[in-house]
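First the structure, in the form of structure tokens, and then the observations on it.
The values are calculated or read from the model by the stated rules, or taken from the named source; none is laboratory data. Given the structure is predicted, the values throughout are model-derived calculations rather than measurements. Backbone-built Cβ (ideal geometry, glycine too); neighbour counts: all protein chains shown.
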Amino acid sequence: MDDLPLIGLTLETPSTPQDSGSDENGALYVEALCGAGARVALLDRVPAADAPDQLDGLDGLCLSGGGDMHGDYFGEETSTRATELDRERDEQEMALIAAARQRGLPMLGVCRGCQVLNVGYGGGLHQDLAEEAPFTTRKHNYKAKDEDRFHPIRLAPNHPLADVVGTAAVTVNSHHHQAVSRLGDGLRAVAWSEDGVVEAVAHIEEPTLGVQWHPERMEPEHHWSLRLFVETCRARGGP
């Protein structure tokens, strides 16, 4: 049991689950990551200055989904359409990203986490896809009371994501109105939706992966992105 990689998981901002679809206690992520062969440590909210210490003893870092980031982290005025803003969470996760990079710690960002990773590497975000052409061709967001909205994406054929799933064309769920725009330093897009929205990013050298969908809400056979991340963490931690 102890040889399983230990992954730190950030938690969503406390909110009203029926309004946001939030998973404040991380239960879905914990179940999915453990099912993929990991152990999980929940990372409590701490000041940004204390965040690096949370990485001690970890083999990987997973940034969960949730609300929007403040625009000033990527040089823009925050959109009036932004929801569930939480500067303390922004600051903690930005500090975690910086510290994880210094330690060479594998990172996975899910939905919001993908966006935060991109910003942490110096990139930018589309603050509302419905207002930014050409992204009006598909609705990427849905309400918590609805079923997950599924749509096809295309994976970069030369990236391990495509290798682990065995095909370059897959279907994923979708629950977001913001997305990656300007790629962060060293990041490249490795998945796209039909309308051109970036659905996954990866660093060209560092063990960093962000996915715009929510694998933890899908059936275990669709947890291939989580399995890839866990294997990366296991390789870092050794046998």
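What's the number of the only condition in (1) over 19 Å from Cys233 (Cβ atoms); (2) surrounded by fewer than 24 Cβ atoms within 10 Å (Cβ to Cβ) that Gly66 fails to meet? Of the numbered conditions (1) over 19 Å from Cys233 (Cβ atoms); (2) surrounded by fewer than 24 Cβ atoms within 10 Å (Cβ to Cβ), the odd one out for Gly66 is (2). If you go through region 34-53 and pick out every residue that is crowded, with 20+ Cβ neighbours inside 10 Å and either within 27 Å of Thr83 (Cα to Cα) or modelled with pLDDT under 95 (or both), you end up with 2. Could you please find all residues in region 69-102 being crowded, with 16+ Cβ neighbours inside 10 Å and assigned to a loop (DSSP other than H, G, I, E, B)? Passing the criteria: Met69, His70, Ser79, Ala82, Glu84, Asp86. In region 186-212, of all residues being among the acidic types (Asp, Glu) and surrounded by fewer than 16 Cβ atoms within 10 Å (Cβ to Cβ), the one that is nearest to Leu61 (Cα to Cα) corresponds to Glu205.
Exactly one residue out of Gly60, Gly120 is small (Gly, Ala, Ser), at pLDDT 95 or above and over 16 Å from Asp185 (Cα atoms), and it is Gly60. When region 28-59 is examined, which residues are found to be part of a helix (DSSP H, G or I), acidic (Asp, Glu) and either within 19 Å of Val230 (Cβ to Cβ) or in contact (Cβ under 8 Å) with a residue 40 or more places away in the chain (or both)? Listed by number, the list holds a single entry, Glu31. For Pro215, the test of being surrounded by 16 or more Cβ atoms within 10 Å (Cβ to Cβ) and within 20 Å of Gly122 (Cβ to Cβ) is failed. What about Glu12, is it closer than 19 Å to Met107 by Cα, under 17 Å from the mean Cα position of the chain (by Cα), charged (D, E, K, R) and modelled with pLDDT of 95 or more? So Glu12 fails the test. Only residues that are in contact (Cβ under 8 Å) with a residue 12 or more places away in the chain and either touching a Pro at 6+ places or on another chain (Cβ under 6 Å) or of a type in the set (D, E, K, R) (or both) were counted in region 60-75, giving 2.
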